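What follows is a single structure, written as structure tokens, with notes after it.
Throughout, read-outs are computed from the coordinates displayed, never taken from laboratory work. Nothing here was measured: the structure is a model prediction, and the numbers come from that model. Positions of Cβ are backbone-derived with ideal geometry, glycine not excepted, and every protein chain shown enters the neighbour counts.
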Amino acid sequence: MLLILRRECTVAEREEVVQRVVDMGLIAHPVRLDDHHVIGVSRDAGPIDPGPLAALPGVEQVMSLERPYPLASREIKAARTSVSVGGVSVGGPDLAIIAGPCAVEDESMLVDLAAALQSHGADMLRGGAYKPRSSPYSFQGLGIRGLEMLARAREATGMPVVTEVLDEDSLAAAVDHADMLQVGARNMHNYAFLRKVARTGMPVFLKRGMSASLEEFLLAAEYLLSSGNPEVVLCERGVRTFSNHSRFTLDLSVIPAVREESHLPIVVDPSHATGLSLRVPPMARAAVAAGADGVMIEVHPDPAAALSDGQQSLTVASFSELARQLRAIAALVASRPETVP
Ligand code: PEP
Ligand code: MN
């Protein structure tokens, strides 16, 4: 059940509602969606009597929603959410282009690459300092030193930074260095961790689990929202299917499906989805044509020498050409709004 609070409701009235929910033995999940406050109400088992809550002065409406992910759904908010990350909007009118190496490897390489990416159209820098590698013997990332390098690249360029957090330690370190925290595909189902990430209050870049249905993906987003954090960006990065010509199968049909179901922005990562640099540009173009709010692209100054994901990394030159094409496609899509709800 959801309580929609009156727009002009005072802080004291809001606190009264939360207190009443708690006094009734229920759990309150307050979150602010744009300019209105909403409180999700749940209980471990059994029905909830809305009567006493509906009567409180701060409450405008009690809604019982159909969807299992009420806060993420368009039932509660029809207008699309735009998440601001260090001054860059994801989900606004402009396409958000996020680019950078798979892993942070070296400071001067990163700073030079960030500057080059920015001059060729990137809005935000990505780079992993903590890498979730399939093999424990593969390069695991530079950890805190990598975060410091990202912070220096941000200082040098002004570009906001998104980086993956794997666990409590990397989360504690990343909050001081990044502008958006990435939860990777492998952690999408780690619900206790999602709550911890959400409670930082920082924007969260939530990747779809490699076998997650749309409902599971949106329920993971609901964990973030119901923990009080409305700054959620979804990312499609490919799912595992019988198809084996690609690293994963990029599920582009999830873009219109997400836009129908949810107000949250959706970004596409064609790099991890395809696993091969030649396939990244066509799938990135298709993603933008299908209505993605942004793309995340891996770029390396020398892909053959990359410490991780070199085969799927673009050179700066191919990124530059792609970014130009993506802006043109985004403008075309925006000029035909009926194609994208
Ligand atoms: C990444 O973006 O660096 C990454 C590891 O992605 P995913 O979680 O989608 O595999
Ligand atoms: Mn990678």
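Here is how the numbers come out for the structure above:
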| read-out | value |
| --- | --- |
| Positive-end residue of L142, C102, V162, charge dipole of the chain with Cβ unit charges | C102 |
| Cβ charges +1 (Lys, Arg) and -1 (Asp, Glu), total dipole of the chain, debye | 600 |
| Longest site-free stretch - the chain; sites: chymotrypsin sites (Phe, Trp or Tyr not before Pro), DSSP loop, at most 11 other Cβ within 10 Å | 1-136 |
| Ascending count of other beta-carbon atoms within 10 Å, so fewest first, for T81, T274, T241 | T241, T81, T274 |
| Mean projected area (nm²) of the alpha-carbon convex hull when the range 252-341 is viewed from all directions | 5.7 |
| FRET E, pair A286, E168, Förster distance 41 Å, beta-carbon r, rounded to 0.05 | 0.65 |
| Trypsin sites (Lys or Arg not before Pro) within the range 1-73: DSSP coil, no more than 16 neighbouring Cβ in 10 Å | R6, R7, R43 |
| Fewest-first sequence of I4, I266 by Cβ atoms within 10 Å of each Cβ | I4, I266 |
| Helix axis angle, 11-23 relative to the chain longest principal axis, alpha carbon, degrees | 80 |
| Three-way shape call for the range 1-101 based on the alpha-carbon gyration tensor, with the a/c threshold at 1.5 | prolate |
| Degrees, to the nearest 10: 316-334 long Cα axis against longest axis of the chain | 40 |
| Built amide H within the under 5 Å cut-off of E60, gap 5+ | I4, L5, R6 |
| DSSP bridge pairs, the chain: antiparallel proportion in percent, nearest 5 | 40 |
| Ratio of the Cα radius of gyration of the chain to 2.2 N^0.38 Å, where N counts its residues | 1.02 |
| Scaled radius of gyration (Cα, divided by 2.2 N^0.38 Å) that the range 181-240 gives | 0.97 |
| Test item: Cα-centred dipole of the range 130-198, Lys/Arg +1 and Asp/Glu -1 on Cβ, debye | 200 |
| Ranked V239, V316, V162, V21, criterion: other C-beta atoms within 10 Å, fewest first | V316, V239, V21, V162 |
| Volume per residue of the C-alpha convex hull in the range 46-134, rounded to whole Å³ | 208 |
| Size of charge dipole - the range 1-116 - debye, nearest 20, with Cβ of Lys, Arg +1 and Asp, Glu -1, no other charges | 520 |
| Two-site label geometry, E216 and S335: point separation in nm, points 7 Å out along Cα→Cβ | 4.1 |
